[in-house]
Amino acid sequence: MSKLIAITAPSGAGKTTIVRHLLATYDELAFSVSATNRKKRDHEIDGKDYYFLSTREFKKRIKNGDFLEWEEVYENQYYGTLKSEIERRWEDGKNIVFDIEVKGATNIKKMYPGEQSMVVFISPPSLETLIKRLKNRKTESAQSFKKRVARVKEEMTYENNFDKILVNDVLEIALKEAELMIEDFLGLQATEE
């Protein structure tokens, strides 16, 4: 049976960069596209980056039990994993990689305990470094930034709840460490460069 690999982290810690690298490196992996009701950004593609749903549709699908996990990350801003997405990826015979919030990762680990899943927490070298990274993005208002920092502080408290912790200080080193974790978990042979 396919395995599940959840990569989780506070915003700005580098989880999306690491997930993209792993997907480009290993054919055995497939990305689990999350659903959200937030507004689509210009560079995003529906069905590739996220499934963009209206708030009404998202809530309807919650009520229908269509989600493996979901969370209201910010007020009226929902994210979740559709059960149909997991089934689609399993039909492909792939191991599924999630780029997911900490509470969602916690739920996946509860539903798929033991050898079937591995959750990796991407940690910044320090909280100060992470806040600086978020500030340098310059993608949100002061009020939105304040909310995000508060959430980051909460998410950092989850660090020891997962199978592995990967500190993303020097990106090249973090990417190599992520590769080694995946190879060990899936029983893959290291590839020669």
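Read the figures in this text as sums done on the coordinates, not as results from a lab. Computed from a predicted structure; not experimentally measured. Note that we place each Cβ from the backbone using ideal geometry, even for glycine, and neighbour counts take in every protein chain shown.
Data table
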| quantity | calculated |
| --- | --- |
| Sorted by Cβ density within 10 Å, fewest first, the residues R151, R137, R89 | R137, R151, R89 |
| Residues with amide H under 5 Å from that of N168, placed H, sequence gap 5 or more | S123 |
| Links that overshoot a 32 Å alpha carbon limit, given the list K60/K135; K94/K176; K83/K132; K39/K153; K63/K132; K60/K146 | K60/K135; K83/K132; K63/K132 |
| Sequence-separation-based contact order of region 4-186, relative, with Cα cut under 8 Å and 6+ spacing, percent | 31 |
| Karplus (6.51, -1.76, 1.60) ³J(HN,Hα), θ = phi - 60°, over region 25-42, in Hz, Gly and Pro reported as x | 8, 10, 5, 6, 9, 9, 7, 8, 7, 7, 9, 8, 9, 6, 5, 5, 7, 3 |
| Two-site label geometry, N64 and Q189: point separation in nm, points 7 Å out along Cα→Cβ | 4.6 |
| Alpha carbon centroid spacing (whole Å) that separates region 137-162 from region 46-113 | 20 |
| Built amide H within the under 5 Å cut-off of D163, gap 5+ | V119 |
| Protection proxy ranking of 116-126, 20-30 - average other beta-carbon atoms within 10 Å, highest first | 116-126, 20-30 |
| Fraction of antiparallel bridges per DSSP, region 1-94 only, in percent to nearest 5 | 65 |
| Convex hull of region 1-160 built on C-alpha atoms - directionally averaged projected area, nm² | 9.8 |
| Dimensions (Å) - region 1-93, Cα atoms, principal axes, largest first | 37, 31, 22 |
